[in-house]
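Engineer: Mind having a look at this structure? Questions to follow.
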Amino acid sequence: MAPAVVLRSASDSHAPNNYLAKSLVDLIGNPDFSHAVIIEGLKIKTDINSDYGLSFEKGENFRVIEAPAFDYTNHQRHFTRINPDYTIDFCNEDENQRILFTRGKGVSGLSLGRDLLVYLGAGDLAYSDGGGQVVVVSAEGTKSQKN
């Protein structure tokens, strides 16, 4: 299950993400949105057409939330808190060291760095860094066996 992704446009300038952005637009049924949207309740499925070999489908708790706070207009703004409803409590630069980094177009994951910076700007969804790595795991080998 993918907890949530941020979608800002119906296409993505980072070529490997373009297919995913278009398929997410198909899932939400709306190619014209004026603000970033958070898509929750996604399941991951195998998809040979995707550059990552994976894609998304609607899960049990699928929902789409308009999230203007995640728009590129807020790129590099300081904040004190991201609320459960995806609003953000922004503040002056001298008040807090948490900084929001966003992309202008396309789809992105969400990463919280050790330095309290929130990264929504990475183009590559399968990158690996000090904060973690996206890994595809098959549950096939984890099933308990009864003797």
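Engineer: Which numbered condition in (1) surrounded by 15 or more Cβ atoms within 10 Å (Cβ to Cβ); (2) modelled with pLDDT of 90 or more; (3) assigned to a loop (DSSP other than H, G, I, E, B) is the only one that Asn49 fails?
Structural biologist: Among (1) surrounded by 15 or more Cβ atoms within 10 Å (Cβ to Cβ); (2) modelled with pLDDT of 90 or more; (3) assigned to a loop (DSSP other than H, G, I, E, B), Asn49 violates only (1).
Engineer: From the residues in region 52-74 that are modelled with pLDDT under 90 and part of a loop (DSSP other than H, G, I, E, B), which one is farthest from the chain's Cα centre (by Cα)?
Structural biologist: That would be Gly53.
Engineer: Going through region 34-46 one residue at a time, which ones are small (Gly, Ala, Ser) and in a loop (DSSP other than H, G, I, E, B)?
Structural biologist: Within region 34-46, Ser34, Ala36 qualify.
Engineer: Of everything in region 6-33, what is surrounded by fewer than 20 Cβ atoms within 10 Å (Cβ to Cβ), outside any loop (DSSP other than H, G, I, E, B) and of a type in the set (S, T, N, Q)? Give them in sequence order.
Structural biologist: Once the filter is applied, which keeps residues that are surrounded by fewer than 20 Cβ atoms within 10 Å (Cβ to Cβ), outside any loop (DSSP other than H, G, I, E, B) and of a type in the set (S, T, N, Q), region 6-33 yields Asn18, Ser23.
The values are calculated or read from the model by the stated rules, or taken from the named source; none is laboratory data. Small disclaimer: the values here were computed from a predicted structure and weren't measured. As a convention, Cβ positions derive from the backbone with ideal geometry for all residues, glycine included, and neighbour counts pool all protein chains shown.
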